[in-house]
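What follows draws every value from the coordinates through simple rules; no lab data is involved. Computed from a predicted structure; not experimentally measured. Cβ placement follows ideal geometry from the backbone for every residue including glycine, while neighbour counts extend to all protein chains displayed.
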Amino acid sequence: HLIAASAWVGGLLPLALLLASTRYGEISLAVARDATLRFSMLGVISVGVLLVTGVLNGWVLVGSMPALVGTDYGRLLLVKVALFLGMVAIAAVNRLRLTPRLVHAAGAATAPVKGDGVRALARNSVIEAALGLAILVVVGALGTVPPGSHVQPTWPFSVRFTARTAAQCSRRRC
C-alpha cells in the first residue's frame, strides 16, 4: 500500500516540473508525452494496488459498518477515501482527456502549441499532489487513534438497520 502510494504521489511533482519546463520550451513535447504516458501507466497500476490493499486494510482495521461511521478511526478513514476519490477523479481527467491531447500535439509539432494540454496537466498534477499531501496528514491522524475494530462504535444516526427491521420493512413495503 505504501509503495504504491509513494510511487503515485511521489511522482506527481517531478511530472508537474517536467510539464512546466515543456511549457517554457526547455523540454520537447515528445519528452513530455513519453514521461506522461509512462507516469500514466504507473498511476493506473498504483491506483489498482491502492484499491485492493486499501479495501483489505480497511476491512481488517475497521471491521464493520457501525465502526466505519461510529468511531474516530472510521470517520478519518472516510475522509481519506474521499480525498483518494478526488485524486482518482483528477487522474481520470488527466488520463482520458488531457494525455490524448498531449499525444496528438506531440505528433503534430516539436514546440508547445495552444491546446496541447501541458498547462492543465501540470496544474492537475500539483492539485493531485496537494490531495496526496492531505491524505498523508489524515494517515498521520489515523496513527494516533485506535482502529475501529478495537473500539465500541457509537451509531450517529437515529435509525439502526438490522435484519429484523429489514424484514419488517419488506412486509410493509417501505
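Quick notes on this one:
- The P(r) of segment 25-70 has a tail past 16 Å containing 59 percent of all C-alpha pairs.
- Karplus-based coupling profile of segment 137-149, in residue order and whole Hz: 5, 5, 4, x, 5, 4, x, 9, 10, x, x, x, 6, with θ = phi - 60° in 6.51 cos²θ - 1.76 cosθ + 1.60 and x standing for Gly or Pro.
- Cα coordinate range in segment 1-131, projected on the principal axes (Å, largest first): 56, 20, 19
- Projected label distance in nm at Ile127 and Asp72, using a 7 Å step from Cα toward the beta-carbon: 3.3
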